[in-house]
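Okay, structure first, notes after.
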Amino acid sequence: MTFEQSQTRENLMRAFAGECMARGRYDYAAQAADKEKLYAVGRLFRFTAAQEREHAELFYTRLAPAPGLLAIQADYPARPEARVPALLNFAVENETNESAAIYPRFAAVAQAEGFPDVARLFERVAAIEKTHGDRFARFAQWMRDGLLFHDDAGAVWVCLNCGHVASGADAPLQCPVCRHAQGFFVRQAAMIL
């Protein structure tokens, strides 16, 4: 089978489009988090959006052997939300779908069609998408439980603006160094750059 006639080629285009859309959704979600003064959550969305951009590029460059117009039929999630908890839950749902269903299916097709390097790419990106989903799920759970800025066992908190480190059950209400609000603090163990 030639690459031009393969389902793998179409799946690469679907994956490229999906990753571009995920990046856009996460950029919008970051803006919503900032409006709610949840700057660390906004940083989480931006951090992940940058990785989605890289995934898109990886898939797009694999289309090089058969450039040109490629029409595809695909389903893409659209659920515009205004509140951060819903945005986090939607992100978990999408990342889980990519990691557990979509990319493993694409990998199997690529392997069957004789494109093992593309199959490996889908498998590796699926593993990364699982970490994205797990990270979003952790933040969503903290928000649900009212623990985004509190940890009964105590935690090390880092200001994402200036790097100040504080320890305790609660993130400081305001950074004592740069005076940024509590929304800039994140657990060091969950740090996102």
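Does Leu38 fit the bill of being out of contact with any strand residue (DSSP E or B) (no Cβ under 7 Å at 6 or more places or on another chain) and surrounded by fewer than 19 Cβ atoms within 10 Å (Cβ to Cβ)? Here the answer is no, as Leu38 does not meet what is asked. Quick check: anything in segment 151-158 surrounded by fewer than 18 Cβ atoms within 10 Å (Cβ to Cβ), among the acidic types (Asp, Glu) and either in a loop (DSSP other than H, G, I, E, B) or touching a residue at least 12 places away in the same chain (Cβ under 8 Å) (or both)? Yes: segment 151-158 contains one or more residues that are surrounded by fewer than 18 Cβ atoms within 10 Å (Cβ to Cβ), among the acidic types (Asp, Glu) and either in a loop (DSSP other than H, G, I, E, B) or touching a residue at least 12 places away in the same chain (Cβ under 8 Å) (or both). Selection of segment 165-187 for residues being closer than 20 Å to Asp34 by Cα and touching a Cys at 6+ places or on another chain (Cβ under 7 Å) yields Cys175, Cys178, His180, Phe184, Phe185. When Pro80, Pro65 are checked against the criterion of being more than 15 Å from the chain's Cα centre (by Cα), under 14 Å from Glu10 (Cβ atoms), not in a helix (DSSP H, G or I) and not aliphatic (A, V, I, L, M), Pro65 stands alone in meeting it. Within the option set Ala140, Ala86, Ala91, Ala107, being assigned to a helix (DSSP H, G or I), aliphatic (A, V, I, L, M), crowded, with 18+ Cβ neighbours inside 10 Å and without any contact (Cβ under 8 Å) to a residue 40 or more places away in the chain holds for one residue only, Ala107.
Here, each number is a calculation from the coordinates, and none is a lab measurement. Computed from a prediction, not measured in an experiment: that's the story for all the values here. Positions of Cβ are backbone-derived with ideal geometry, glycine not excepted, and every protein chain shown enters the neighbour counts.
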